[in-house]
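Please treat every number below as a calculation from the coordinates, not as lab data. Please read these numbers as outputs of a predicted model, since none were measured by experiment. Because the Cβ atoms are built from the backbone with ideal geometry, glycine has one as well, and the counts that use them run over all protein chains shown.
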Amino acid sequence: MPDPNPVLTIALLLSAGATMQWIAWRVKVPAILLLMLSGFAAGPLLGWFDPERTFGDLFRPLVSLAVGVILFEGGLTLKLRELSGAGSVVTRLCTVGAAVSWGLTTLAAHWIVGVRLPIALLIGAILVLTGPTVVIPLVRHVRPKKPLGPILRWEGILIDPIGAVLALLVLEALTGHDSAADIAVGVGKTLLYGGALGALAGWLLAQALERFAIPDRLHVPATFGTVGLSFALANTLQPEAGLLAVTVMGIVLANRSRLDVEHVLEWHEPLVTMLLALLFVTIAARLEVATLTSLGAMAVVFTAALIVVVRPLSVALSTIGTSLGWRERAFLMAMAPRGIVVAAVSSEFSLHLDHYKVAGGQEVLALVFPAIVLTVIAYGFGARPFARWIGAAQADPQGAVIVGADLLGREIGRALQEQGFDVLLVDTNVTHTTTARTSGLPTFQGSVLSHRFAEEATLDGIGNMLALTTSDEVNLLAVEQFVPTFGRSHLYRAASADPKRHQQAHPGRALFGAELDVDTLRSKLHRGGRIRATKLTEKFDAGDYRDRYGDRAHPLFVVSADEKLQIVTAGGEPTLKAGQTVLALIEEDDRARGPADPQAEPI
C-alpha cells in the first residue's frame, strides 16, 4: 500500500536527519550512530516509516544514485600529490589487503558464526569496504603523522568501488551460477566501462569548463548532470560499474592543474550532508528487529575478529617491505570503520538474494549492520588514545590554522612560516587565498566551518587556531569548530572591537590585547607597519628591545629557544628573556627615527 502522504514523510526525513547531525555535533559523537538509531526507531521499532512504502520501486535506484554522488565527492578530494611516497602502500592496501580481508572475513563468518560458505564469501566481500564518510572525520580527529592521513583517505575512497564490484561478482555467482570465465569477463567489463567512461566524462567536462564553454551559473548543474549520466550509463553497460566511473571522474577533475572546482565542492557539501542523513535513516528503517538479534552475541564476536585479527593481518601483509615504521603500521591496523556504502550494498544485495530465493539474505544484514555500528564505536572512541599511546599522532604540533587570509592573516602566516612553523590560511574570499597562495602560503579556499574543510584540510604540524576575521560571530563559531581537534587552550580569536562584547565570557582566548582588534591591526599594517622577528641575546636583551622600540612594538608571538610557540593574549604580557625570538608588529614611524640598533639581531 503506497504512502498516503509521501511529501510529509520526506520532509520529516530531512528534518530528522538534520536534527540528528546537529545533536551529534553538539555531543561530539559520530553522526552515523544517531542517524541509524533514529531510522531503526522510526522503522522497525515504532512502525512510522517504511522506505519501500514511501519510495516504491524508486527506492533502490535512488539509494544507488545517492551513493554514486557521495563517491564522486570523495574522488574530488583525492590529490595525486598526496600519494608522494605513499602510493605503493595505498595500492597494496587496495589489492593485497582487500584479498586478505576478504578471505579472513569469509573464514570468520563461516567458522565463528556458522554461515554457509557461499553467503560467507558475500559477507566477506561486502566488508572489504571501509567508508570515507567515517574514516575521514576520524582522521581529522586523531591527526596522525604523515603520511597516514592521505593513505587512509585514498584507501577509504578507492576501496569502495573495488569492494562493491567484488561483492557483485560473488552475488552473480550465487544467483546466476556464473563460471570462472564469466566472472573474469565481468571484472574486465567493469574496469573498461567504469574506468574508461569515468575518465572520458571527467576529461570532457574539464575541457568544457577550462574553455569557458559553460557559464559559471551552470557549472554545478553541468557537473552533476554529467555525474548522474556517467553513473547510469556505466551501470547500464555493466552492473555496479557506475561506482568506479564516478570515482574516476572525480579524481580526473581534482587533478586538473588549470581547473578550479572549489565552487562546485562548496555547493556539493550540503547536498552530500543531506544525502548521508537520508541514506542512513532510510536504510536503518528497513531493518527488522528479529534479523538484527538473530545471531546475538555471535555478531559481536564476529566484529571483534574483524577488529583484532582481520584488519591487523591485512595491513601487516600489505605493508611488508614498505618504508612505514611499526607505529604507522600499527595505526593503520587500528582504523577500518564501516560506513554508508557498506550499509547500502548489503541492503541491496540482501534484496537480490531474497528475489532469487537464495537463503542467507537475512544473515548478511544480521552480520553487516552490527559490524557497522560496533566498528564505528570501537574506532571512533579508541583510535585517538591508541595513536597517542604508540606515538603515531602528532606530538605537540606548534603550527596554526589562520582563519582569514587578508593582509593581516598573510603577514602573520608569513612571519610564522619564516620561523619554521606550519601554517594553513583559510578564507572564503578567492582574491585573499590566491594572493596568499602566490606568496607561498598554504591555503584552503572555503569556509572553515564547512564539511569539506573537515574532510580535505591537512593539519599536519598544526596545533593552534587563530580566528582573525572581522566577524565576532564567525570567530566564535570557528573556535567551537576546533574544540575537539585542538582543545580549548589552543584556540584563539581576535579581540572584539565592541567593549561590551569583549567583556563577555566566550570560548577561545582573545589575541594580542583588548586594544589590538582586527581593524586596528589591519590599519597599522596598511600604514606601513610590519611584523618583524628579533632575536634576544645577552648583548641585546629585553630591556634593550623595549628601549629600541618602545610603545611602537606590539609583541604578537614569542618563540622559545627550544622552538616552542607562545601566542600573546589579552592580559597575558609575555616575559621576554635571552634566547627568545620576538615576533612583533612594528609601526612605520619607528623606522623614521633612524637606523636600527646594530646590536639588534632581526631574523
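With mean projected area of the Cα convex hull in nm² defined as stated, name the option among [x] 24.8; [y] 30.5; [z] 28.8 computed from the structure displayed.
Matching entry in [x] 24.8; [y] 30.5; [z] 28.8: [y].
Express in nm, to one decimal, how much length is gained between LEU449 and ASP544 on full extension, taking 0.36 nm for each residue of separation and deducting their alpha carbon distance.
Here the segment from LEU449 to ASP544 would lengthen by 29.9 nm.
So between LYS146 and LEU271, what do we pick up on full extension, going 0.36 nm a residue minus the alpha carbon distance?
Using 0.36 nm per residue and subtracting the Cα-Cα distance, I get 42.0 nm.
Order of 230-243, 154-167 by packing, highest average Cβ count within 10 Å first?
In decreasing order of mean packing, 230-243, 154-167 become 154-167, 230-243.
Any chance you could check the Cα centroid distance between region 291-350 and region 365-440 for me, in angstrom?
Computed from Cα coordinates, the inter-centre distance equals 25 Å.
Using a cut-off of 13 Å between beta-carbons, work out the net charge of the residues near GLU52 (Lys and Arg +1, Asp and Glu -1, GLU52 not included).
-3
Can you tell me the length gained on complete extension of the stretch GLU288 to LYS535, counting 0.36 nm per residue apart and subtracting the Cα distance?
Details: separation 247, 0.36 × 247 = 88.92 nm, distance 6.85 nm.
Stretched fully, the GLU288-LYS535 segment lengthens by 82.1 nm.
For region 341-398, state which chymotrypsin sites (Phe, Trp or Tyr not before Pro) are in a DSSP loop and have at most 15 other beta carbons lying within 10 Å of their beta carbon.
Answer in residue order: TYR356.
Find the centroid of the Cα atoms in region 109-153 and in region 527-550, then give the distance between the two in whole Å.
When both Cα centres are located, 55 Å separates them.
Going through region 11-97, which GluC sites (Glu not before Pro) have at most 12 other Cβ atoms within 10 Å and a DSSP loop state? Please list the in-between numbers first.
Values: sites: GLU52, GLU73, GLU82; in loops: none.
Filter output for region 11-97: empty list.
Relative contact order of the chain, please, whole-number percent, based on alpha carbon pairs below 8 angstrom and at least 6 residues apart.
14
With Cβ to Cβ distances under 15 Å as the rule, what net charge do the other residues near ALA284 carry (K, R +1; D, E -1)?
Once all neighbours under 15 Å are counted, the net charge is -2.
Note down the net charge around GLU328, summing +1 for each Lys or Arg and -1 for each Asp or Glu among other residues with Cβ under 12 Å from its Cβ.
Value of the local net charge: +4.
So what J values fall out for region 354-365 if you push phi through Karplus, 6.51 cos²θ - 1.76 cosθ + 1.60 with θ = phi - 60°, rounded to Hz, Gly and Pro as x?
For region 354-365, the Karplus-derived couplings read 5, 5, 8, 6, 9, 5, x, x, 6, 5, 4, 5 Hz, x marking Gly and Pro.
At a threshold of 8 angstrom on Cα-Cα distance, excluding pairs fewer than six apart, so keeping six or more, what relative contact order does region 1-157 reach in percent?
Computed over region 1-157, the figure is 20 percent.
Just the number, please: percent antiparallel of the DSSP beta bridges in the chain, rounded to the nearest 5.
Values: 20 of 39 bridges.
Given both bridge residues lie in the chain, the antiparallel proportion sits at roughly 50 percent.
Ranked from highest to lowest mean number of other Cβ atoms within 10 Å per residue, what is the order of the peptides 550-556, 37-43, 398-404?
The peptides rank, most packed first, as 398-404, 37-43, 550-556.
With each run of n ≥ 4 DSSP H residues scored as -39500 (n - 2.57), what mean residue ellipticity at 222 nm is computed for the chain after dividing by its residue count and rounding to the nearest 500 deg cm²/dmol?
Value at 222 nm, helices only, nearest 500: -18000 deg cm²/dmol.
Which shape class applies to region 59-390: rounded if a/c is under 1.5, otherwise prolate when a/b exceeds b/c and oblate if not, where a ≥ b ≥ c are the square roots of the Cα gyration tensor eigenvalues?
Oblate, because a/c is 1.5 or more while a/b does not exceed b/c.
Under 18 Å from a point placed 7 Å out from the Cα of GLU473 along the Cα-to-Cβ direction: which residues of region 425-450 have their backbone N that close?
It comes to 428-429, 447-450, nothing else.
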